[in-house]
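Report on one structure; see the data block that follows.
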Amino acid sequence: MLTRLLPSPSISHDPEDEGFRDWLSQLYSFETSSIVRINMIASINGSAVGTDGSSDTLTGGNDRRIMGVIRTHADVVVVGARTVRREGLSSPRRARLAIVTRSGDLTGHRLDESASVPLIVCPPDAISTVEEQLSDIEHEVIELSSDAIDPREIVTALDERGLRSIVCEGGPSLAAAFLDAGVVDELCMTTSPKLRSPGVPMLARVGAMIDTHLIHLLVDDDSYLYARWAIDGPQ
């Protein structure tokens, strides 16, 4: 069972119920056509990876269901190349996929499984490496103005392509950069009921103090917590 604890009154639904996905979709819907979300999972003490070095050993069934719903509301899923190298690729079914890479190294990408033409976001010096690695795969390069990965430039470039609903799925450094740049509207955070030394913290090097408020909080029978936080802004 998945139960909405906040806002009250609490409401519970069985994932096997006919209307479950519609209920979940409504919980993660939004009114504006332009939004930037971060969607990530971490252990109780903040580790972004489990015992296998990826998030796979942290996640559960409802977390995957929520990720699927969040992706259905997105125009584009943004992920860092380091996460692709560490965890492989979970390609969205409807949304575009955008991979951000500073070096152009897309080892382990599996982009041939992507449902749409992937976007590769990189600085000028990385383009030749990208083209070499993806010579047999259709793709589109978004060239950044410099080696600095500027989330504001990324969001603008995606918006110019009509991709205005953005979900960033990490990794930790990319998600922190998005938060520090002040471009994030919401943080969708799953807390896995596990303790794991955070060798890879869920958010790395967030510099600003950022105020948030809770939109909703869900819990399931396996003790996973699912929070949807609105970002009020840095101080």
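Here is how the numbers come out for the structure above:
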{"read-out": "Failed item in (1) closer than 27 Å to residue 164 by Cβ; (2) at pLDDT below 95, with residue 73 passing the rest", "value": "(2)"}
{"read-out": "Scan of region 102-138 for residues that are in contact with a Cys (Cβ under 9 Å, 6 or more places away or on another chain), of a type outside the set (S, T, N, Q) and in a loop (DSSP other than H, G, I, E, B), ordered by number", "value": "102, 104"}
{"read-out": "Subset of region 1-21 [more than 25 Å from the chain's Cα centre (by Cα) and among the aliphatic types (A, V, I, L, M)]", "value": "11"}
{"read-out": "Positions within region 28-55 being under 17 Å from residue 166 (Cα atoms) and not charged (D, E, K, R), in sequence order", "value": "28, 29, 30, 32, 33, 34, 35, 36, 38, 39, 40"}
{"read-out": "Selected residue [closer than 26 Å to residue 202 by Cβ, of a type in the set (S, T, N, Q) and modelled with pLDDT under 95] from 101, 83", "value": "83"}
{"read-out": "Qualifying residue in region 105-113 (condition: without any contact (Cβ under 8 Å) to a residue 24 or more places away in the chain, charged (D, E, K, R) and under 27 Å from residue 55 (Cα atoms))", "value": "yes"}
{"read-out": "Filter pass, residue 195 being free of Cβ contacts under 8 Å to residues at least 60 places away in the same chain, closer than 30 Å to residue 20 by Cβ and among the hydrophobic types (A, V, I, L, M, F, W, C)", "value": "no"}
{"read-out": "Residue 135 vs. criteria at negative phi, hydroxyl-bearing (Ser, Thr, Tyr) and free of Cβ contacts under 8 Å to residues at least 12 places away in the same chain", "value": "yes"}
{"read-out": "Single residue of region 22-40 satisfying the filter (assigned to a helix (DSSP H, G or I) and touching a helix residue (DSSP H, G or I) at 6+ places or on another chain (Cβ under 7 Å)) that is surrounded by the most Cβ atoms within 10 Å (Cβ to Cβ)", "value": "24"}
{"read-out": "Strands (runs of 3 or more DSSP E) wholly inside region 151-235 containing at least 3 residues that are of a type outside the set (Gly, Ala, Ser) and surrounded by fewer than 17 Cβ atoms within 10 Å (Cβ to Cβ)", "value": "210-220, 225-234"}
{"read-out": "Any hit, region 41-48, residues being without any contact (Cβ under 8 Å) to a residue 24 or more places away in the chain, surrounded by fewer than 16 Cβ atoms within 10 Å (Cβ to Cβ) and not acidic (Asp, Glu)", "value": "no"}
{"read-out": "Selected residue (criterion: farthest from the chain's Cα centre (by Cα)) from residues of region 155-203 that are among the polar types (S, T, N, Q) and over 19 Å from residue 143 (Cβ atoms)", "value": "197"}
{"read-out": "Filtered residues of region 55-89 (kept if small (Gly, Ala, Ser) and either over 11 Å from the mean Cα position of the chain (by Cα) or not in a loop (DSSP other than H, G, I, E, B) (or both))", "value": "55, 60, 61, 68, 80, 81, 88"}
{"read-out": "Where residue 151 falls short, out of the listed (1) more than 15 Å from the chain's Cα centre (by Cα); (2) closer than 27 Å to residue 42 by Cα; (3) not aliphatic (A, V, I, L, M)", "value": "(1)"}
{"read-out": "Given (1) without any contact (Cβ under 8 Å) to a residue 40 or more places away in the chain; (2) of a type in the set (A, V, I, L, M); (3) part of a helix (DSSP H, G or I), index of the condition residue 141 fails", "value": "(3)"}
{"read-out": "Set 123, 92, 118: member being without any contact (Cβ under 8 Å) to a residue 40 or more places away in the chain, crowded, with 16+ Cβ neighbours inside 10 Å and within 30 Å of residue 7 (Cβ to Cβ)", "value": "92"}
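The values are calculated or read from the model by the stated rules, or taken from the named source; none is laboratory data. Every value quoted in this text rests on a predicted model; they were computed, and no experiment measured them. When we count neighbours, we look across all protein chains shown, and the Cβ atoms used for this are built from the backbone with ideal geometry, even at glycine.
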